[in-house]
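Here is the structure we will look at.
The values are calculated or read from the model by the stated rules, or taken from the named source; none is laboratory data. Predicted, not measured: the structure shown is a model, and the values here were computed from it. Reconstructed Cβ throughout: ideal geometry from the backbone, glycine too, with neighbour counts over all protein chains shown. For the accessible areas, the whole protein counts, side chains as well, though only heavy atoms, and no ligand, DNA or RNA atoms are used. Shrake-Rupley method; radii C 1.70, N 1.55, O 1.52, S 1.80 Å.
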Amino acid sequence: MKQNSRYYQVELATLAMLTAIACVLVMIYIPYPLMPAFKYDLADIPILIATFSFGPVAGLIVTVLASFIEAFIMGQDTWVGFVMHILATGSFVIVAGNLYRHKKTKKEAVVALVAGVITMTVVMCLANYIMDPLFYGYPKEAVLALMLPAIIPFNLSKAGINALLTFLIYKRISKLIHRAENNPTVPKK
């Protein structure tokens, strides 16, 4: 029971830290060259690390918490942005997390991340097509006209860069997380 309790303490602390890191990373503004109104951020990397470490439910929880803090506490976005971030990152997390949790190999990580990138891009095309006319008043034809030159490349590149960076750093970070989970003793001073 003690080992199980230690695991949940480490998981909770790690998820809280990854949520905080995601909130800090969203403040680094990187404009997207094709459409300056679009913003690239690195916030999905700690969310994907949470997903690969603890599963898709944990990743989804971090997504919702980070999105809420970013939108409503930090004032980085509106409620529409909050919903869009949950749809974008949430779809990525659910697909990638479910694929990776069954077979935790480098090959499966690549498959999971590529599937997540594609899923996020498709979901955001649909979300923009539905939500932009409703909440921003854009005609559906204008949204469709932006799909190929802006919306699709933006989501592919944003998700692709975040997936690549996650792939490159995840194993190093996961060793630290799993060492903390399995170490039943508190370090001596």
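For the reader, a short list of remarks on this structure follows.
- Val62 vs. criteria surrounded by fewer than 18 Cβ atoms within 10 Å (Cβ to Cβ), at negative phi and modelled with pLDDT of 95 or more: no
- Scanning the stretch 65-77 for residues that are surrounded by fewer than 20 Cβ atoms within 10 Å (Cβ to Cβ) and not hydrophobic (A, V, I, L, M, F, W, C) yields Gly75, Asp77.
- Of the criteria (1) closer than 18 Å to Pro46 by Cα; (2) hydrophobic (A, V, I, L, M, F, W, C); (3) at pLDDT 95 or above; (4) surrounded by fewer than 19 Cβ atoms within 10 Å (Cβ to Cβ), which one Ala109 fails: (4)
- Within the stretch 150-189, tally of residues that are open to solvent by 70 Å² or more (accessible area, probe 1.4 Å) and part of a helix (DSSP H, G or I): 11
- Condition check for Phe38: modelled with pLDDT under 95 and in contact with a strand residue (DSSP E or B) (Cβ under 9 Å, 6 or more places away or on another chain): yes
- Only one of the listed residues (Gly137, Gly90) is among the small types (Gly, Ala, Ser) and surrounded by fewer than 17 Cβ atoms within 10 Å (Cβ to Cβ). That residue is Gly137.
- The stretch 132-149, residues that are in contact with a helix residue (DSSP H, G or I) (Cβ under 9 Å, 6 or more places away or on another chain) and not in a helix (DSSP H, G or I): Tyr138, Pro139
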